[in-house]
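The values are calculated or read from the model by the stated rules, or taken from the named source; none is laboratory data. Keep in mind that this is a model prediction, so the values were computed, not measured. Heads up, the Cβs are rebuilt from the backbone with ideal geometry, glycines too, and the neighbour counts pull from every protein chain shown. Heavy atoms of the whole protein, side chains included, go into the accessibility calculation; ligands, DNA and RNA do not. Shrake-Rupley method; radii C 1.70, N 1.55, O 1.52, S 1.80 Å.
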Amino acid sequence: MEITKIIMNKTKSIFSSFLLVGLLSATMFAQASSAARYDGSIQNSVTKKLADNQKFHEVKSSVEDGIVTLTGTVDLYQDKLDAAKAAKKQKNVQGVRNLIEVGGPAISDAQLHEQLSRKLYYDRVGWYDAAFNYYTLSVKDGVATLGGQTYNEVGRDSALAIAYRMPGVKDVVNEIKVSPVSIFDDNLRKRTERALYGDAVLSKYAVDPARPIRIIIDGGHVSLYGTVISPMDKQVAGMRVGQIPGVFSVENNLVVENNSKAGM
């Protein structure tokens, strides 16, 4: 009797599994069929949208089950992003597969690194939170990888926009960390800035807004980046920050000028 029950339960379980698979397959087929009926109108609207903008004149599109596939070439990485955004906005589009290649001028990785570094360096001129953003950059085979940490999304997005619009950049990898929102850290930022730029030795670094000492604070832990003129300036900066109440630790990554260009 028990064996019969076990067999019946197993049979029911197998039947239920087959039924579930069947229902899922039917649902997926129905959804695909529903999406596919708009393929013609999607193709027309995407083609027209791309044709309206000269920078997409080498971009082609195809549509299957509501998914738009973009191919071809553009001059800038930003143009690649814009083409996908334009296609995604069209009615009934389920998704976009962006296979566009970035053409533009052939620039060596070394040249690209130099140009991007300069742009990132001066992008922060005039920004109130310039001292609280720090970036790292590497370029390989035209792919720019941006790292570091910013005070908020504004600094991060500004840096990425520079890379997106730089001729020669084929792709951009975003590894920039945005500092967490913290009243405690905000207060510490103000006190750290005052301690550094209020010092007679270090006040000169506040004169040029393009090259302040970068102050990165995360949970009370302070990291200093950028370049200074002398080993003494580096030592003084570390000492001043270490004397601030509430600072848990200080990581002094300042580089003496002419020895390295590691920080931006």
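Taken over the stretch 101-111, the criterion of being at pLDDT 90 or above and over 20 Å from the mean Cα position of the chain (by Cα) is satisfied by GLY103, ILE107, SER108, ALA110, GLN111. Can you pull out every residue in the stretch 222-231 that is open to solvent by less than 20 Å² (accessible area, probe 1.4 Å) and either part of a helix (DSSP H, G or I) or free of Cβ contacts under 8 Å to residues at least 12 places away in the same chain (or both)? Those that are open to solvent by less than 20 Å² (accessible area, probe 1.4 Å) and either part of a helix (DSSP H, G or I) or free of Cβ contacts under 8 Å to residues at least 12 places away in the same chain (or both): none in the stretch 222-231. Per the listing ASP186, ASP199, the residue uniquely open to solvent by less than 60 Å² (accessible area, probe 1.4 Å) and in a helix (DSSP H, G or I) is ASP186.
Among the conditions (1) in a loop (DSSP other than H, G, I, E, B); (2) aliphatic (A, V, I, L, M); (3) in contact with a Leu (Cβ under 6 Å, 6 or more places away or on another chain), VAL139 misses just one, which is (1).
For the stretch 71-85, the set of residues classified as more than 16 Å from the chain's Cα centre (by Cα) and under 13 Å from LYS60 (Cα atoms) consists of THR71, GLY72, THR73, VAL74, ALA83, ALA84, listed by residue number. For first residues located in the stretch 162-190 and under 21 Å from ILE213 (Cβ atoms), partners that are of a type in the set (Lys, Arg) and part of a helix (DSSP H, G or I) and lie 6+ apart or on another chain with Cβ distances below 8 Å form the pairs ILE176/ARG156; VAL178/ARG156. Given the structure, is ARG214 of a type in the set (Lys, Arg), at pLDDT 95 or above and surrounded by 13 or more Cβ atoms within 10 Å (Cβ to Cβ)? Spelling it out, it is not the case that ARG214 is of a type in the set (Lys, Arg), at pLDDT 95 or above and surrounded by 13 or more Cβ atoms within 10 Å (Cβ to Cβ). Given the criteria modelled with pLDDT under 95, surrounded by fewer than 16 Cβ atoms within 10 Å (Cβ to Cβ) and either closer than 21 Å to GLN78 by Cβ or among the polar types (S, T, N, Q) (or both), does GLU114 qualify? For GLU114, the condition - modelled with pLDDT under 95, surrounded by fewer than 16 Cβ atoms within 10 Å (Cβ to Cβ) and either closer than 21 Å to GLN78 by Cβ or among the polar types (S, T, N, Q) (or both) - is not met. Taking (1) open to solvent by less than 20 Å² (accessible area, probe 1.4 Å); (2) part of a strand (DSSP E or B) in turn, VAL173 satisfies each apart from (1). For the stretch 44-93, the set of residues classified as without any contact (Cβ under 8 Å) to a residue 24 or more places away in the chain and open to solvent by less than 50 Å² (accessible area, probe 1.4 Å) consists of LYS80, ALA84, listed by residue number. When LYS234 is tested against (1) open to solvent by less than 70 Å² (accessible area, probe 1.4 Å); (2) basic (Lys, Arg); (3) under 30 Å from VAL102 (Cα atoms), only condition (3) is not met.
If the condition is being at pLDDT 90 or above and open to solvent by less than 40 Å² (accessible area, probe 1.4 Å), then the stretch 117-145 contributes SER117, PHE132, ASN133, TYR134, TYR135, LEU137, VAL139, GLY142, ALA144, THR145.
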